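Notes follow the structure.
The values are calculated or read from the model by the stated rules, or taken from the named source; none is laboratory data. Keep in mind the model is a prediction, meaning the values are calculated, not measured. Here the Cβ is made from the backbone with ideal geometry for all residues, glycine too, and neighbour counts use every protein chain on show.
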Amino acid sequence: MHEEDRPGIHTTVYRQPGGNVPTEATEAVGLQVDRVEGQTVIVRQSRVNQLSGNRVRLEQSRVDHVEARSAQTDRSAIRHLEAERAVTLRGAVAWAQARDVRAVRTRIALLQADRVTVEDGRVALAVVREFAGPAYLRLPLAAIGTFLAGIVAGLLLGRLRGRDGG
């Protein structure tokens, strides 16, 4: 059994896809832990509550909250994902907030992003500037703002009428 296959937290070398520069990374394998953090973090076959790092990679894992500059997931489930850039493959995300998202064969319940590409996946509700792919409901940001302004105006008018007795 290789060192990186044993359950536990190890220091390993990570090579970015398409890159030749090796980077030292913290790797968690086969664990159930509350928190994992580091500059570059790899989590495989684990259950983590809080995961944070500059670059995060998940494989066959389940995480409650991911906070990263760049996140890459494969066959993983995430409750809340916050990242500048995120690529999700064959997974599920309950709520994603990111500047740039690429989702392949992934289900996302709620998505808030500037730019999104979905391939063979589904997004239930997306609040985005640029969207490519299928969604159950697409609402432009301006439409949401107008809708919310209408609700606030209606509530204020209702209160004013209630005070005036009329």
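For the subset of region 25-44 comprising residues that are out of contact with any Pro (no Cβ under 8 Å at 6 or more places or on another chain) and surrounded by fewer than 17 Cβ atoms within 10 Å (Cβ to Cβ), which member is nearest to GLU84 (Cα to Cα)?
In this case the residue turns out to be GLN39.
Taking the conditions exactly as written (more than 10 Å from the chain's Cα centre (by Cα), at pLDDT 95 or above and either surrounded by fewer than 21 Cβ atoms within 10 Å (Cβ to Cβ) or under 14 Å from ARG122 (Cα atoms) (or both)), does ARG85 satisfy them or not?
no
Do we find a residue being farther than 24 Å from ARG115 by Cβ, among the charged types (D, E, K, R), free of Cβ contacts under 8 Å to residues at least 12 places away in the same chain and surrounded by fewer than 19 Cβ atoms within 10 Å (Cβ to Cβ) anywhere in region 5-24?
Yes: region 5-24 contains one or more residues that are farther than 24 Å from ARG115 by Cβ, among the charged types (D, E, K, R), free of Cβ contacts under 8 Å to residues at least 12 places away in the same chain and surrounded by fewer than 19 Cβ atoms within 10 Å (Cβ to Cβ).
Return the residues of region 93-107 that are over 19 Å from ARG69 (Cα atoms) and surrounded by 16 or more Cβ atoms within 10 Å (Cβ to Cβ); say none if nothing qualifies.
Within region 93-107, VAL104, THR106, ARG107 meet the criteria.
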